[in-house]
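Student: Sharing a structure with you now.
Where a number appears in this text, it was derived from the coordinates with a stated rule and is not lab data. Quick caveat, the model's predicted, so the values are computed rather than measured. Glycine gets a Cβ as well: all are built from the backbone with ideal geometry, and neighbour counts include every protein chain shown.
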Amino acid sequence: MSERAKPNAVFRFFDRLGRLSVAGLEELGRYGTLLVESFYWLIFGHRIGQPVRIGAFFSEMMEIGVRAIGIVGIMAAAIGAMLAIQGIYSLKIFGAEGHVVFGVAFSMVREFAPLITGILVAGRSGSALSARIGTMKINQEIDALEVMGINPVRFLVVPSLLAALIMVPALTFMSMIVGLWAAGAYVNFALGMSLAAFLDQTISILSVNDLLHGLGKSAIFGLLIALIGVVNGFMVKGGAEGVGKATTRAVVQCISAIVVTDMLFALVATL
Amino acid sequence: MSDSKQKPTPPAPQLPTVIEVRDLVTHYGTRQILNGINVDIVQGEIMVIMGGSGSGKSTFLRHLMALQMPTSGTIKILGNDVWDLSQKDLFGLRKKLGVAFQAGALFSSMTVGENIMLPLYEHTKLDRLTMQIMARMKLEVVDLAGFEDLMPSELSGGMVKRAAVARAIIMDPRILFFDEPSAGLDPVVSSQLDDLILRLRDAMGMTICVVTHELESAFKIADRITVLDKGDILFIGTVDELKKHPSERIQNLLNRRSEEAEIDADEYLRRLMGEKLETEGMSR
Ligand SMILES: Nc1ncnc2c1ncn2[C@@H]1O[C@H](COP(=O)(O)OP(=O)(O)OP(=O)(O)O)[C@@H](O)[C@H]1O
Ligand SMILES: [Mg+2]
């Protein structure tokens, strides 16, 4: 070690940069492979006697979707009310608080409902997925599956992936409704506009396009959450500490991916 | 190490070879773990794999069950070359293999019964009652009858291992693998597990590969023993051949236990201090 000349700082920086880029690309590759493999099992699994189990899919839908209804509902209501409060407060400056419905309707349906749902599901299920798969990995349960001739991607990943793909948009749709309802309730309280009038106005403002924008990107959020959770779980090394690290990493990556994707969506949609 | 030890021992006459390993080399990253290993495992034998910690035993075992691909060399399992296996062949092959991992590797979200039935559920079209009956039969083999509705977390360490054995034999595999079956178990339970292994060979005619640290257990169950050392094969042969082996290295290995038992506290402390100083020196 000591005989070799110490590399200088610039060299070390580029060396590190290079390593990081390679590692990053490798990880991206893993996501791609996992996605392709998942679809392979979904479509061709039954042909080689390895169908994706409906039971597992339903229990994942329960875990990722149904069990999150409470917290997602509460958060959506809080966000909806917040938007109304903030909107009325700032529009008051121009004496235009009657227009609050515009702001609330667009931001809830296009931005906040998908975002808050995605972030909550990332915190609940992205972490749970990586913890579960990571624990299975260090307990050699993944190996056990392989030796039993049960493909872990088909058995563990596909049901979660599919469940997230369906349940995140479903939860998002619910957040939209709950959020708008909460906003309407506040507007009713602050401006005396009836809830029916608020909803009427909301519906006339929003187009199907806005709805699809919100739901479409939430489906991508769902896919990202499941993929990131699973990949981090499979990458676990070492013991319980490794699982902890992977879980934290999964949540951070999920939320970052969601926020960046959201920004890209906004950019593309407004071009 | 002399060359002769690297040559495969000729299989016992008239018994077919179930696993044939030739020039197996493995790397983790750039580190070479196995340095060209040759072994034949013949039908119906209990092959015990021994060696110090980190000598590559678990890695070797993973190769024997086609869980990992070698860097080079060939492995033939039940006549199938692992290099030629398609996804589908691999599934077919794996139905004939059973494994009991070191920590059991039972699925914690399923009951013991569901764990044991899983391979049946995945690979057969039997109805649920038949599967339950088969699972109960295997649980009886491992003395766990009546425990099928418990969760793995409700079992003791020895019970988990036995349940793992029941799951490993549910499909009546041709070859059974054990990674450290007796690690972490008290001597009584560990000896029960040894009896179970012997019973599986005698009653079901399985070929069994066992990785273990325990000399006593190895001597009790082994038909042949393979000793690994830093990725090389130090010895392959019967228990008697091993006990009589002239090599000092092997005799040291066999006597390791008694040597360690004789170390006095002062010596031990000095050694610890010495090692500490040494590692400090290295890190500088
Ligand atoms: N997944 C892995 N990645 C990198 N290195 C590994 C991996 N698994 C094992 N190794 C290394 O390979 C070597 C052999 O490991 P292996 O687990 O086969 O040893 P072992 O003989 O089973 O040891 P033990 O008796 O402690 O279980 C060790 O030096 C270990 O550090
Ligand atoms: Mg090991």
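Student: How do A:THR270, B:THR207, A:THR172, A:THR202 rank when sorted from fewest to most other Cβ atoms within 10 Å of their own Cβ?
Tutor: A:THR270, A:THR202, B:THR207, A:THR172
Student: Follow-up. Could you list, in their original order, any pairs among A:LYS237/B:LYS125; A:LYS217/A:LYS245; A:LYS245/B:LYS57; A:LYS137/A:LYS245 whose Cα atoms are separated by more than 25 Å?
Tutor: A:LYS237/B:LYS125; A:LYS217/A:LYS245; A:LYS245/B:LYS57
Student: Okay, next question. Given the Cα atoms of the protein assembly as shown, and with Rh set as the inverse mean 1/r over their pairs in the Kirkwood sense, what is Rg to Rh to two decimals?
Tutor: Rounded to two decimals, Rg/Rh equals 1.09.
Student: With Cβ to Cβ distances under 11 Å as the rule, what net charge do the other residues near B:LYS57 carry (K, R +1; D, E -1)?
Tutor: Net of charged neighbours comes to -2.
Student: For chain A, calculate the relative contact order in percent as a whole number, restricting contacts to Cα pairs under 8 Å that are 6 or more residues apart.
Tutor: RCO, chain A: 29 percent.
Student: HN-Hα J couplings of segment B:99-111 from phi, Karplus 6.51/-1.76/1.60, θ = phi - 60°, integer Hz, Gly and Pro as x?
Tutor: Going residue by residue, I get 9, 10, 6, 3, 9, x, 6, 6, 7, 6, 8, 10, 6 Hz, with x marking Gly and Pro.
Student: Still on this structure, please answer the following. Of the listed pairs B:LYS95/B:LYS243; B:LYS96/B:LYS243; B:LYS161/B:LYS244; B:LYS220/B:LYS244; B:LYS161/B:LYS220, which have alpha-carbon separations greater than 26 Å here?
Tutor: Where the Cα-Cα span goes over 26 Å, the pairs concerned are B:LYS95/B:LYS243; B:LYS96/B:LYS243; B:LYS161/B:LYS244.
Student: What does the charge dipole of segment A:29-270 about its Cα centre add up to, to the nearest 20 debye, if the Cβ of each Lys and Arg holds +1 and the Cβ of each Asp and Glu holds -1?
Tutor: 380 debye
Student: Assigning unit charges at the beta carbon (Lys, Arg +1; Asp, Glu -1) and nothing else, what dipole magnitude in debye, to the nearest 20, does segment B:108-172 show about its Cα centre?
Tutor: Approximately 120 debye in magnitude.
Student: Between B:ILE133 and A:VAL66, what is the FRET efficiency for a Förster distance of 41 Å, r being their Cβ-Cβ separation, to the nearest 0.05?
Tutor: So, using R0 = 41 Å, E works out to roughly 0.75.
Student: Note the full-extension length gain between B:TYR268 and B:GLU140 as 0.36 nm times their separation in residues minus their Cα-Cα distance, in nm to one decimal.
Tutor: Going from the current span to full extension adds 41.5 nm.
Student: Let me ask something else about it. On a C-alpha basis, how far is the centre of segment A:166-194 from the centre of segment B:182-199 in Å? Whole number, if you could?
Tutor: Between the Cα centres of segment A:166-194 and segment B:182-199 lies a distance of 63 Å.
Student: Compare the Cα positions of B:SER191, A:ASN188, A:ILE228 along the charge dipole of the protein assembly as shown (+1 at Cβ of Lys, Arg; -1 at Cβ of Asp, Glu; about the Cα centre) and return the one farthest towards the positive end.
Tutor: Result: A:ASN188, furthest along the dipole toward the positive end.
Student: For the protein assembly as shown, what is the charge dipole size about the Cα centre, in debye to the nearest 20, if Lys and Arg each add +1 at the Cβ and Asp and Glu each add -1 at the Cβ?
Tutor: 1160 debye
Student: Under the definition of partner shielding as Cβ atoms of other protein chains within 10 Å of a residue Cβ, what is the mean value for peptide A:144-156?
Tutor: Mean partner shielding for this stretch: 6.
Student: How many nm is it between the label spots at A:MET82 and A:GLU241, if each spot is 7 Å from the Cα in line with the beta carbon?
Tutor: 3.6 nm
Student: Where q = 0.10, 0.20 Å⁻¹, what log10 of I(q)/I(0) comes from the Debye formula for segment A:1-140, counting one point per Cα?
Tutor: The computed values of log10 I(q)/I(0) come out as -0.70, -1.24.
Student: Further question: Per the Kirkwood formula on distinct C-alpha pairs, the Rh of segment A:29-270 is how many angstrom?
Tutor: About 19.1 Å, per the Kirkwood formula over Cα pairs.
Student: Would you calculate the separation in nanometres between label points at B:ARG22 and A:ASN209, each defined as 7 Å from the Cα along the Cα-to-beta-carbon direction?
Tutor: Once both label points are built, they end up 6.8 nm from each other.
Student: Assuming R0 = 22 Å, can you tell me the calculated FRET efficiency for the pair B:ASN255 and B:ASP186, based on Cβ-Cβ distance, to the nearest 0.05?
Tutor: Computed FRET efficiency for B:ASN255 and B:ASP186: 0.40.
Student: Using 0.36 nm times the number of residues separating A:ARG53 and A:PHE39, minus their current alpha carbon distance, what extension gain do you get?
Tutor: Here the answer is 3.6 nm.
Student: What FRET efficiency would be calculated for the residue pair A:VAL260, B:SER72, taking the C-beta separation as r and a Förster radius of 35 Å, to the nearest 0.05?
Tutor: Efficiency, from the Cβ-Cβ distance: 0.25.
Student: Here's something else I'd like to know. Once phi is turned into θ = phi - 60°, what whole-Hz ³J(HN,Hα) does the Karplus curve with 6.51, -1.76 and 1.60 give for every residue of segment B:200-205, x standing for Gly and Pro?
Tutor: Along segment B:200-205, the couplings run 5, 5, 6, 7, 10, x Hz.
Student: While we're looking at this one, here's another question. Take every DSSP beta bridge whose two residues both sit in the protein assembly as shown, then give the antiparallel share in percent to the nearest 5.
Tutor: 55 percent
Student: Follow-up. Check B:PHE235: other-chain or 5+ apart residues with amide H under 5 Å from its amide H, H built from backbone geometry?
Tutor: HN-HN under 5 Å from B:PHE235: B:VAL227.
Student: Under 10 Å, Cα contacts only: if you run a Gaussian network model on chain A, which one of A:ILE43, A:ILE88, A:ILE79 comes out with the highest mean-square fluctuation?
Tutor: Top of the fluctuation ranking is A:ILE43.
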